[in-house]
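Participant: Here you go, one structure.
Just so it is clear, none of the values below were taken in a lab; they were calculated from the coordinates. This one's a predicted model, so the numbers in the text were calculated from it and none came from an experiment. Counting neighbours? That spans all protein chains shown, and the Cβs are built from the backbone with ideal geometry, glycine included.
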Amino acid sequence: MSFNTILIGIGPGDRDRMTRLATETIDVAKPTGAMIVLLQVFSEDEFDDTAGKLEFDPSEEDVDVDMVARRNMTIHELIEKFEQAGVDYTIRGEIGKPEEEIIRVAESIDADRVFVGGRNRSPTGKAVFGSVSQAVMLSSPCPVTFVRHELDD
């Protein structure tokens, strides 16, 4: 199967999955030459908080969500691994509900595959608290690969 574009939805809880997300994505992207789109979705509050922590000053500069996503440390481990592997990537930021934005961006870039991280939850936990990964898997316009954190031996 040919892949042109792979989308990775990155959330605040994905820090413990970065190595695995990188490895799984590189395994698909490198042999096919696919472009990887790293998507960081922020809520309004997360965006304001992250921009403040990164010392952006909205009164002095035009701060956009792509700039904040590029400088956010959450994805730097991925960037390093992609550069070492020689795969092409781009970084995007969006503000909104993660599951809605991941699906919307996957459709807009005509993604061939979506990668999302998550943790194991019981069916009750998913029903009560919801699951971004589950919502993406059910509504994605293309196949979704679910990547969980490394399990301790």
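Participant: If you average the alpha carbon positions of region 56-101 and of region 33-50, how far apart do those two centres end up, in angstrom?
Facilitator: Comparing the Cα centres of region 56-101 and region 33-50, I get a distance of 5 Å.
Participant: Treating the beta-carbon of each Lys and Arg as +1 and of each Asp and Glu as -1, no other charges, what is the dipole magnitude of region 2-62 about its Cα centre, to the nearest 20 debye?
Facilitator: So the dipole magnitude of region 2-62 works out to roughly 740 debye.
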